[in-house]
1. Output the residues belonging to the range B:71-88 that are within 16 Å of A:Glu206 (Cα to Cα) and not polar (S, T, N, Q).
2. When the residues of the range A:311-332 are filtered to those that are within 13 Å of A:Val281 (Cβ to Cβ) and in contact with a helix residue (DSSP H, G or I) (Cβ under 8 Å, 6 or more places away or on another chain), which remaining residue is nearest to the other protein chains (Cβ to nearest Cβ)?
3. Do we have B:Glu439 as at negative phi and away from chain A (no Cβ under 14 Å) here?
4. Restricting to the range B:1-17, name every residue that is out of contact with any Leu (no Cβ under 6 Å at 6 or more places or on another chain) and among the aliphatic types (A, V, I, L, M).
5. Going by what's in this entry, would B:Gln375 be described as of a type in the set (S, T, N, Q), assigned by TED's automatic domain parsing to the domain that holds B:Glu423 and without any contact (Cβ under 8 Å) to a residue 24 or more places away in the chain?
6. Which residues, taken from the range A:89-110, are of a type in the set (A, V, I, L, M), in contact (Cβ under 8 Å) with a residue 12 or more places away in the chain and loosely packed, with under 14 Cβ neighbours inside 10 Å?
7. Residues of the range A:255-286 being outside any helix (DSSP H, G or I) and more than 14 Å from chain B (Cβ to nearest Cβ), which ones?
8. Being in a loop (DSSP other than H, G, I, E, B) and of a type in the set (Asp, Glu) is the filter; apply it to the range B:4-60 and report the residue that is surrounded by the fewest Cβ atoms within 10 Å (Cβ to Cβ).
Protein chains: 2
Amino acid sequence: MKTMTGACPSDRAKLTDVLQGLREGESVTVEGMVHALHDMGGITFLILRGPKSLLQCVLGQEMDLQGVTEECAVSVTGFPRSEPRAPGGVELTAQALEVLSRPAAPLPVPVSKKRLGLNLDTELSLRPVVLRALRERSVFRIQAGLCRSFRETLHALDFTEVHTPKIVHAGAEGGSNIFRLDYFGRKAFLAQSPQFYKQMMVGAYERVFEIAPVFRAEKHSTPRHLNEYTSMDLEMGFIRSFEDLMEIETLFLQHAMALLKREYAGDVKALGISLPDVSRVPCLRFDEAKRLAAEKYKRPIRDPYDLEPEEEFNIGRYVQEELGSEFVFVTHYPSKKRPFYAMDDPADPRFTLSFDLLFRGMEVTTGGQRIHQYQAQVDKMLSRGMHPEEFESYLMIHKAGMPPHGGLGVGLERLTARLCGLENVRHACLFPRDLSRLEP
Amino acid sequence: MKTMTGACPSDRAKLTDVLQGLREGESVTVEGMVHALHDMGGITFLILRGPKSLLQCVLGQEMDLQGVTEECAVSVTGFPRSEPRAPGGVELTAQALEVLSRPAAPLPVPVSKKRLGLNLDTELSLRPVVLRALRERSVFRIQAGLCRSFRETLHALDFTEVHTPKIVHAGAEGGSNIFRLDYFGRKAFLAQSPQFYKQMMVGAYERVFEIAPVFRAEKHSTPRHLNEYTSMDLEMGFIRSFEDLMEIETLFLQHAMALLKREYAGDVKALGISLPDVSRVPCLRFDEAKRLAAEKYKRPIRDPYDLEPEEEFNIGRYVQEELGSEFVFVTHYPSKKRPFYAMDDPADPRFTLSFDLLFRGMEVTTGGQRIHQYQAQVDKMLSRGMHPEEFESYLMIHKAGMPPHGGLGVGLERLTARLCGLENVRHACLFPRDLSRLEP
């Protein structure tokens, strides 16, 4: 009888080991997709695409190429040696080639080209194959690195990971931008955020986080909105001030930039990313930030209660020019524009103990302290014409006792897009959903 | 102007440090919820609940208790000292108490009791506060540990994390158990699995994984089904056999049990979990497993193409009794019962190169090799009366060339429930969704 013992196939070499020169002088077998093929008059250069990097293989005149083409899956055996002109600095002199599978048709787009030059719509339609292009796939490796950093930072601070439901009976953020669902004949919704649930968990775990999809039925199409996106959420108890949350986000950013520099250097280079300095992140009050940007860039303030995208852009520019920072925390947003669970500033209840983080002129995080006292929460609901009895399971925690707490949500695609210098957030989402796009 | 520097509040001690005796002899300030209060004739024992553990604080007669009750959020300052009779072996002699917040009403359920004795429905309705009970919250810490293990195992093997859309235009698993959604006037669905997307990514990243919600509109209510659950998915290219996937799952289980033993010992103990031996996991072919269980337990085979829950239970029992294993891979499921993308066994195409993993008599994983050749996939679709033109973006990858590949999906709640000895999978889901439950 067969038994599994957790033995991983080990007779094939990791491309990264080969490229680091760890296997020099040995005969190794490597596998990958054929990224590119160059016939140099008899000698063929086969560029093998591995999960993170490329390896140049040289196939001599004597070898049977077996009709190999780009996007064949192949296994190549040979001797690696240092070769400064090869991508990654190592070349493999092939002695055997095995074609494991072949494409049925040529690619609809030449993924081995440096720049694909597709328009956004074509690129998104062809995403399943466009991802094979190096720049495109690097974007989502960077994204994976950001998720790792978020988890590693929080795990070290004793946060517990949770999984909250996405099918819900009421929206946390209110408003009309919520998707409706038929749930066995009952009306249900797709969660706009894990807000209620992450707060519920603070009484049990003190500190929780979740990285998961959220859904917003926004009816406008902009380069900064997605109808489904990935939210990196945290919520924590026993805060002294909402600034504790900003410190933790700063810590996350510091860890993220260090991790990307150390472990994702190839992707950072492929995308030409300049990693921002996050040793210090300045803070500006909402009204102050608004005023400073309006004065410097001579743009009148139209909406005193919210930031228009152009204002965010100008605040980002101001902070870059005046303070040398690509990030800025904008604090104390007006109560009017923040949700019913936001805690008002006791010093001036027209404003809340809340913040957004802007990165290169765009909001990438919203956070703040929440109301933890039962009566205060009920009163604020009533003052907004809400019905507390509809929020029974949410208010259960306030009634049962909650520590002072708060949290934040980071938009993963926006953070990725700003970092990678992508103008449209759709470029930073593997398979974006927007007003007109449900496929692939 | 304020700036954030990533400084974490450090003037409060971590409960775990205090319990490990690291702060003995110092005056420390700790914070937490009041889990229990015992008046011992003047002296009061206040049991503080931290994120992972309890700390016994002794408040002398001279102290002003300020009307402190259970579920107050408090800060206690005092000297910790070793005390074998205290939970965790350390006691803090309090010198100052500060009440940070108070509940508005007593708890609807006494969370400090060892066993709550609630029926399932009441427990789920009160989940937001029931999670404050130690056993209940330990279940989801174990769950968080399983997720960590999955990620850590795969990260070490060069897997890339991905985020795939949950709003989709077609279901991957077919059938009627799919939720429908109004998407700006168009028909859309909630993803039953990330199957198509994870395969699409294999051509780019070779190895990918995702931990995310999936949705199944199952119309039956059983102790093993949820309408929304968390799936731990992986997909990898360049497999030699579907057994490579089973080896990787075994590796994950080995890492998980080691991690739980090392870092989640308190939760393992609280739940009385006996961690299974996963050094070797036996494999049985589907038809063989079926026959062996039928013969031993004298239960006739009714459905030759699938395993009934009772058969899974009996196979689990058989493997436990005869082979001493709590896990078993059941391989080579009939083609008829596997999805259209499953690769048939060339040696006998009535069966597939697929497997389920049973744990203590219940399926917790489904996996297998996929068809990677374009024509073979189109032919199988046609033979099932499907329309390949409806799967254009999926088939794009087969057309473009795909390595031999396969993957698996682990049901996180089922794995958690089996491990923790919970009879109903709802106990292993924070906020379960079933036919009648949409709240909390």
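The values are calculated or read from the model by the stated rules, or taken from the named source; none is laboratory data. Keep in mind that what you see is a predicted model, and the values were worked out from it rather than measured. Because the Cβ atoms are built from the backbone with ideal geometry, glycine has one as well, and the counts that use them run over all protein chains shown.
1. B:Glu71, B:Cys72, B:Ala73, B:Val74
2. Once the filter is applied, the top-ranked residue is A:Phe329.
3. No; evaluated as a whole, the condition is false for this residue.
4. Within the range B:1-17, B:Met1, B:Met4, B:Ala7, B:Ala13 meet the criteria.
5. When the stated conditions are applied, B:Gln375 passes them.
6. A:Ala96
7. A:Leu271, A:Gly272, A:Ile273, A:Ser274, A:Leu275
8. Ranking the candidates gives B:Asp11 first.
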